[in-house]
Amino acid sequence: MSEQTKPRLRSQLWWSNPDDPGMTALYMERYLNYGLTRAELQTGKPIIGIAQTGSDLAPCNRHHLALAQRVREGILQAGGIPFEFPVHPIQETGKRPTAALDRNLAYLGLVEILFGYPLDGVVLTTGCDKTTPACLMAAATVDIPAIVLSGGPMLDGHADGRLVGSGTVIWDARRRLAAGEIDTDAFMHIVSTSAPSIGHCNTMGTASSMNALAEALGMSLPGSAAIPAPYRERAQVAHATGARIVGMVWEDLKPSRIMTRAAFENAIVCASAIGASTNCPPHLNAIARHMGVPLDNADWDRIGYDVPLLVDMMPAGRHLGEAYYRAGGLPAVIAELRKAGRMHEGTLTVTGRTLGEDNAGARILDEEVIRPIARPLRDAAGFAVLSGNLFDSAIMKTSVISEEFRRRYLRRPGDEDALEGRAVVFEGPEDYHARINDPALGIDEDSILVIRHVGPLGYPGGAEVVNMLPPDALVRRGIEELPCIGDGRQSGTSGSPSILNASPEAATGGGLALLRTGDRIRIDLNKRSADMLVGNDELARRRKDLVLPGLIDQTPWQTLFRRHVGQLDGGMVLEEALRHQRIAAIHGVPRGNH
């Protein structure tokens, strides 16, 4: 591209606008005070933002503070000027009441930065699960050239001679603690071993899942999502990402050209094949809605349910992130899915090539970690989307249904893939922890644990609390799982086959609000139904007498969040924000500030 054919950059309307020299001088002068030169700002070099999600408050992303240097070097080498700026921190294991509240807050802040500052393109640093959707939602809304650089998983953890997966080990250690096999000190030691290095979860939790889906969407360089954080290849791909975004600016390669309906369908298929987190449907639905692409939970079942599970990685399998990377990562998975005709190969990616071209040479390097399409771990491993008088929509991750759970609940002769049980209802996690071991509840293997008022409005934010452990007495008898239902979420590192993300939630008067302890519940996976076996007349009486608990806002953001947020099946987005799409193209640049 010659100097004569290069397009005029939006940043030049700040720093090189001959129609308004007074404002140009005002915008430029303060950016010279730390050593930048007029030549750098006024000779038409692309200004590239580095959206920095790493900080001491966000340990899963903290190494992006170092990776950003390699991003800078790549940007400079390609002829751009890097500008690093902070994104509101999101750390799932640190933020109360839930970091899900912060996803939409980080999204709002990033939209304002991308639109209101002199940026021509942006590198989105991602890692801990909600940073990925927050960044992609903002990129979709503003629609300037953007590329994802994920931080990568931690190294594999080990304890007592066996693999220990981050997050997943917590649920296993809780069972062992409840069974009396270990004490509290041993519990803390085992859990600590699962975080041996920098990086996000080394299991196929929400972080690994969402960064894989960013790659499947075409928003990150091929093969980048699975690279472990400490590996040298992670710094190398950071440099390549910085260099590539400069080219994307000159090509005007925007998210709207990449994140198409076909790309989202690719992401759904990949999610099933890798055993992705139950948090992926709300996050991906949210990104799609901000991109203006129709996508809902029904698509996850229709497109992804019959996709086989290919990746043998915790919590649905045995291995962790290092083995997955060495086995070929997502490109190897895509290669197998292409053989089965399950991928739209013509979707565009950040490379400027198609997904098929990007992954043309990929292959499996270890068939025990990534299975060939002809020899999957499970034949149908996607999300089942259920509905009934309990809710309009909820999801169940079928790839983590254990053989024991299937034998105990889903193999009744003549009624296979269906279960019935007695509901035991908890009004949030505090109630659950206070009463789960109360003998008066009569919890046995016939029980279904239900937790409500933990959704977007009720908690607020949708708490990760649906994967409930049975009472200690049952765990000691070897019953380590009970069916669980809730209007909140659960950690993507959990192997519980819960029915969750129920919408509408109880706090809005959804069906779960009418359920009472002792009611019978029937789940039928064949019919995709979930119902309380209570007559319509009785439900009408309960509806008439229903008094919903008051919601207490503890911060200004909680008030605003509750006022504008939608339900989990719609991505838990700020509904009014959907009016604003592709705003850089529609509005150009904002008005001047003086």
Which of the strands (runs of 3 or more DSSP E) found entirely inside the range 431-513 contain at least 1 residues meeting this: out of contact with any strand residue (DSSP E or B) (no Cβ under 8 Å at 6 or more places or on another chain) and within 30 Å of P556 (Cβ to Cβ)? none
Does the range 281-290 contain any residue that is more than 15 Å from M572 (Cα to Cα) and touching a residue at least 60 places away in the same chain (Cβ under 8 Å)? no
The range 315-346: number of residues that are hydroxyl-bearing (S, T, Y) and open to solvent by 50 Å² or more (accessible area, probe 1.4 Å): 1
Among the residues of the range 200-222, is there at least one that is touching a residue at least 40 places away in the same chain (Cβ under 8 Å), surrounded by fewer than 18 Cβ atoms within 10 Å (Cβ to Cβ) and out of contact with any strand residue (DSSP E or B) (no Cβ under 6 Å at 6 or more places or on another chain)? no
Give the residue that is farthest from G317 (Cα to Cα), with candidates limited to residues of the range 236-277 that are touching a helix residue (DSSP H, G or I) at 6+ places or on another chain (Cβ under 8 Å) and of a type in the set (S, T, Y). S256
Here are some residues: A506, A584, A577. Which one is under 27 Å from P429 (Cα atoms) and either open to solvent by 10 Å² or more (accessible area, probe 1.4 Å) or assigned by the TED database to the domain that holds I443 (or both)? A506
Show the residue pairs that are 6+ apart or on different chains and have beta-carbon atoms under 7 Å apart, the first residue being within the range 362-380 and within 16 Å of G341 (Cα to Cα) and touching a residue at least 24 places away in the same chain (Cβ under 8 Å), the second being open to solvent by less than 40 Å² (accessible area, probe 1.4 Å) and small (G, A, S). A362/G328; A362/A332; A362/A335; R363/G328; R363/A332; R363/A335
Is there a residue being touching a Leu at 6+ places or on another chain (Cβ under 6 Å), closer than 18 Å to N467 by Cβ and either part of a loop (DSSP other than H, G, I, E, B) or not β-branched (V, I, T) (or both) anywhere in the range 369-385? yes
S277 vs. criteria in contact with an Asp or Glu (Cβ under 8 Å, 6 or more places away or on another chain) and open to solvent by 10 Å² or more (accessible area, probe 1.4 Å): no
Which one is nearest to D120 (Cα to Cα), of the residues in the range 575-590 that are touching a residue at least 12 places away in the same chain (Cβ under 8 Å) and of a type in the set (V, I, T)? V589
Close pairs from the range 1-17: first modelled with pLDDT under 75, partner open to solvent by less than 40 Å² (accessible area, probe 1.4 Å), Cβ under 9 Å, at least 6 apart: E3/G44
Where in the range 54-173 are the strands (runs of 3 or more DSSP E), entirely inside, with at least 2 residues that are open to solvent by 10 Å² or more (accessible area, probe 1.4 Å) and of a type in the set (A, V, I, L, M, F, W, C)? 81-86
Looking at (1) aliphatic (A, V, I, L, M); (2) closer than 26 Å to G510 by Cα; (3) not in a helix (DSSP H, G or I), which one does L560 not meet, given that it meets all the others? (3)
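The values are calculated or read from the model by the stated rules, or taken from the named source; none is laboratory data. Bear in mind that the values here come from a model prediction, so they are computed numbers and not experimental data. Every residue, glycine among them, receives a Cβ derived from its backbone with ideal geometry; neighbour counts consider all protein chains shown. With ligands, DNA and RNA removed, areas are computed over all heavy atoms of the protein, side chains included. Shrake-Rupley method; radii C 1.70, N 1.55, O 1.52, S 1.80 Å.
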